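Novice: A single structure is presented below for examination.
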Amino acid sequence: MRLKNMLKFRLPIKSNSNQTIMGSRRKFIQKTLGLGMALPLMSTKMASLGLGKKRDGEVPIILCSRGESWGKKVLAPGWEKLQKNESLLDALEVSANVTELDPDDMSVGYGGLPNEDGVVQLDASIMYGPTHNCGSVAGIEGIKTPSSVARLVMERTNHIHLVGEGALRFAKAHGFKEEDLLTDKARRMWLRWKENLSDKDDRLPPEDGDYGLDRPTGTINVLGIDQEGNIAGITTTSGLFGKIPGRIGDSPIIGAGLYVDNEVGAAGATGLGEEVIRTCGSFYVVERMREGMSPQEACEAICKRIIDINGGEKNVDFNDKFVAVNKSGEVGVAQIQGNDNWKPELAYQTPSGFKVVKGSYLIEV
Ligand code: ASP
């Protein structure tokens with residue numbers, strides 16, 4: 001009997017969005033006592049990253065939680081609309097749809113990695129500042145663009161959250177086509193993952209089949225502010241690869257994977273969703289900005305909060321990443337784990353051009 005290599009799937013996992021969920025080797029950058037003390041004590045690392053300085057904001061702006069190559073692809077169609085002062089929601093939706101429709105992105109929409117049963121279940125949310133309204137779908141199957149369905153939940157129902165079969169029926173009633181979302185590449189990765197899950201079952205990985213050893217993660221947040229200063233956001237994902245069927249992550253939960261306040265700004269999360277849900281992560285970021293923190297400080301504050309509620313860095317073997325923008329268009333990005341070669345990124349586009357920001361991390365891995 002061939003031995004299964006379970007270890008491979010317990011190692012830190014890098015995603016195409018530079019996100020890692022599980023991590024083992026780590027070093028806390030700064031030991032801190034409480035939130036009030038946390039940010040000043042982190043100043044050495046922050047200063048070396050050029051953070052802690054105020055960035056000048058500019059609107060209109062559209063940003064996403066990815067770096068250069070995805071950023072360019074994702075933001076281009078949204079910016080096209082935003083710069084012509086077309087609808088902010090149309091701009092964000094068309095940008096979010098880029099990743100959702102792209103089979104090469106294995107963490108969002110079509111081509112996303114499936115759940116434990118090999119079924120792709122998608123989560124997405126949208127929030128619109130001027131009305132403080134929002135909509136989301138969770139565990140939806142067969143629809144390539146869940147963020148567009150979330151927008152219809154917001155605009156065409158009195159509800160906020162539709163899940164599973166009901167969400168699919170709602171989408172079909174609005175003319176969405178039900179399609180197979182599982183690409184061959186995603187199916188092969190799922191099968192390989194299944195075969196390596198346990199050495200106490202009857203599935204065996206092939207001797208020579210190398211379907212990739214990573215367990216990629218992802219999600220994308222797309223946030224924007226129009227010329228009138230109105231703010232909106234979208235978060236969309238296929239969730240955790242291999243999740244238990246029916247599991248809902250942070251992405252469709254308003255206040256967790258996404259939050260927008262038209263007077264303050266917007267924030268979005270990626271990474272281990274359970275941690276983001278139990279800290280109301282994006283809401284936390286926006287409320288810290290309301291109290292006067294910069295987007296960068298607020299993103300670092302939620303990372304610190306997650307570490308604290310876990311009892312400190314010794315218990316943190318996962319990652320979460322936050323992006324934020326405030327009302328004046330200033331941006332921030334931070335993640336829990338990282339190193340000099342792996343810093344959290346966001347990309348944004350304003351009238352001054354396209355830029356990529358490398359943010360900060362709190363635990364070196
Ligand atoms: N936050 C997503 C979830 O927990 C996963 C991710 O961002 O990779 O469903």
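Novice: Of everything in segment 226-265 that's among the hydroxyl-bearing types (S, T, Y) and within 25 Å of E297 (Cα to Cα), which residue is nearest to the ligand (Cβ to nearest atom)?
Specialist: S251
Novice: Given the condition part of a helix (DSSP H, G or I), open to solvent by 20 Å² or more (accessible area, probe 1.4 Å) and more than 16 Å from the ligand (Cβ to nearest atom), answer yes or no: does some residue in segment 270-288 qualify?
Specialist: Among the residues of segment 270-288, at least one is part of a helix (DSSP H, G or I), open to solvent by 20 Å² or more (accessible area, probe 1.4 Å) and more than 16 Å from the ligand (Cβ to nearest atom), which makes the answer yes.
Novice: Can you spot a residue in segment 311-319 that is basic (K, R) and either buried (at least 22 other Cβ atoms within 10 Å of the Cβ) or under 21 Å from M127 (Cα atoms) (or both)?
Specialist: no
Listed here are the residues, each with its yes/no results for (1) assigned to a helix (DSSP H, G or I); (2) open to solvent by less than 40 Å² (accessible area, probe 1.4 Å); (3) modelled with pLDDT of 50 or more; (4) more than 16 Å from the ligand (Cβ to nearest atom).
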{"site": "K4", "(1), (2), (3), (4)": "no, yes, no, yes"}
{"site": "R25", "(1), (2), (3), (4)": "no, no, no, yes"}
{"site": "Q30", "(1), (2), (3), (4)": "no, no, no, yes"}
{"site": "L51", "(1), (2), (3), (4)": "no, yes, no, yes"}
{"site": "K81", "(1), (2), (3), (4)": "yes, no, yes, yes"}
{"site": "L92", "(1), (2), (3), (4)": "yes, yes, yes, yes"}
{"site": "A96", "(1), (2), (3), (4)": "yes, yes, yes, no"}
{"site": "Y110", "(1), (2), (3), (4)": "no, no, yes, yes"}
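Novice: Condition check: surrounded by 22 or more Cβ atoms within 10 Å (Cβ to Cβ), in contact (Cβ under 8 Å) with a residue 24 or more places away in the chain and within 16 Å of the ligand (Cβ to nearest atom). Does V331 satisfy that?
Specialist: The answer is no for V331.
Novice: If you don't mind, there's one more thing I want to ask. Specify which of the listed residues (S65, S69) is of a type outside the set (V, I, T), open to solvent by 10 Å² or more (accessible area, probe 1.4 Å), at pLDDT 95 or above and closer than 30 Å to L181 by Cα.
Specialist: Exactly one of S65, S69 is of a type outside the set (V, I, T), open to solvent by 10 Å² or more (accessible area, probe 1.4 Å), at pLDDT 95 or above and closer than 30 Å to L181 by Cα, namely S69.
Novice: Going by what's in this entry, would I307 be described as in contact with a strand residue (DSSP E or B) (Cβ under 7 Å, 6 or more places away or on another chain), open to solvent by less than 20 Å² (accessible area, probe 1.4 Å) and in a strand (DSSP E or B)?
Specialist: In short, no.
Novice: Kindly indicate the residue of segment 334-365 that is within 16 Å of the ligand (Cβ to nearest atom) and more than 25 Å from G265 (Cα to Cα) and also surrounded by the most Cβ atoms within 10 Å (Cβ to Cβ) among those meeting that condition.
Specialist: G338
Novice: Return a yes/no flag: does segment 177-193 have any residue that is away from the ligand (no atom under 16 Å from the Cβ), open to solvent by less than 10 Å² (accessible area, probe 1.4 Å) and out of contact with any Lys or Arg (no Cβ under 8 Å at 6 or more places or on another chain).
Specialist: No; the residues of segment 177-193 include none that is away from the ligand (no atom under 16 Å from the Cβ), open to solvent by less than 10 Å² (accessible area, probe 1.4 Å) and out of contact with any Lys or Arg (no Cβ under 8 Å at 6 or more places or on another chain).
The values are calculated or read from the model by the stated rules, or taken from the named source; none is laboratory data. Since the model is a prediction, treat every value here as computed from it, not as a measurement. With ideal geometry, Cβ positions are generated from the backbone for all residues, glycine too; neighbour counts draw on all protein chains shown. The protein model used for the area step is the full one, side chains on, heavy atoms only, and it has no ligands, DNA or RNA in it. Shrake-Rupley method; radii C 1.70, N 1.55, O 1.52, S 1.80 Å.
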